[in-house]
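Single-structure report; data block below.
Every read-out reported here was derived from the displayed coordinates using simple, explicitly stated rules and does not represent laboratory data. Since this is a predicted model, take the numbers as computed values, not measurements. Note that we place each Cβ from the backbone using ideal geometry, even for glycine, and neighbour counts take in every protein chain shown.
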Amino acid sequence: MTVADPGRDELPDPEEGSAFQPKFGADGLATCVAIDAERGDVLMVAHMNAAALQATLTTGLVHYWSRSRAGLWRKGDTSGQTQRLVEMRVDCDQDAFLAFVEVGGDGGACHTGRRSCFYRRVEADEAGARLAFVEPNKTPG
């Protein structure tokens with residue numbers, strides 16, 4: 001199986017057909033939202049390029065493209081917080097993915113040691129905006 005970004009004008013309608021035609025941005029990336037397959041929690045948002053998507057679909061272990069390190073990264077290699085792919089979905093125009101995952105390691109997904117990268121909410125009033133913790137504790141481990 002090869003994942004590429006072919007000339008989309010040459011292919012069947014990506015919104016109605018069954019052909020997998022992932023569309024990557026000018027930077028070669030597409031957004032991927034990782035969701036805990038068991039609990040339904042959003043764990044993190046990252047990016048995939050064609051190589052990361054290919055590696056994910058081939059191995060069943062979620063890979064991303066690290067913009068900060070400019071390299072392919074298999075989730076969990078340094079943190080131990082692996083993500084095994086249970087199901088992948090693509091949006092209507094095939095430029096964003098949902099990865100339903102089984103979390104390994106200590107059950108977290110965030111490099112801060114928390115279960116989710118979305119552990120703070122934004123609270124705004126006339127004085128301005130600030131962050132409040134909704135998940136203050138780090139996962140045991």
**Prompt:** DSSP loop GluC sites (Glu not before Pro) in the stretch 86-141 with at most 11 other Cβ atoms within 10 Å of their Cβ, which ones?
**Reply:** 126
**Prompt:** Nearest 0.05, what FRET efficiency do residue 31 and residue 137 give at R0 = 25 Å with Cβ-Cβ as r?
**Reply:** 0.35
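Taking the DSSP beta bridges in the stretch 27-133 as the whole, what percent of them are antiparallel, to the nearest 5?
80
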**Asked** In degrees from 0 to 90, rounded to the nearest 10, what is the angle of the helix 50-59 Cα long axis to the longest principal axis of the chain?
**Response** 80
**Fill in**
Per DSSP loop assignment and a cutoff of at most 14 other beta carbons within 10 Å, the chain keeps its longest run without exposed trypsin sites (Lys or Arg not before Pro) at 70-137
**Candidates 46, 109, 19: whichever shows maximal mean-square fluctuation once the chain is modelled as a Gaussian network with Cα springs under 10 Å** = 19
**Item:** the chain: most fluctuating residue of 80, 40, 60 per GNM, C-alpha cutoff 10 Å
**Value:** 40
**Request:** Run the numbers on the stretch 27-133 and let me know its relative contact order in percent, using alpha-carbon pairs under 8 Å that are six or more apart.
**Result:** 23
**Asked** Under a Cβ-Cβ limit of 4.7 Å, which cysteines in the chain have nobody to pair with?
**Response** 32, 92
**Request:** In debye, nearest 20, what is the charge dipole magnitude of the stretch 27-133 about its Cα centre with +1 on Lys and Arg Cβ and -1 on Asp and Glu Cβ, if you could check?
**Result:** 400
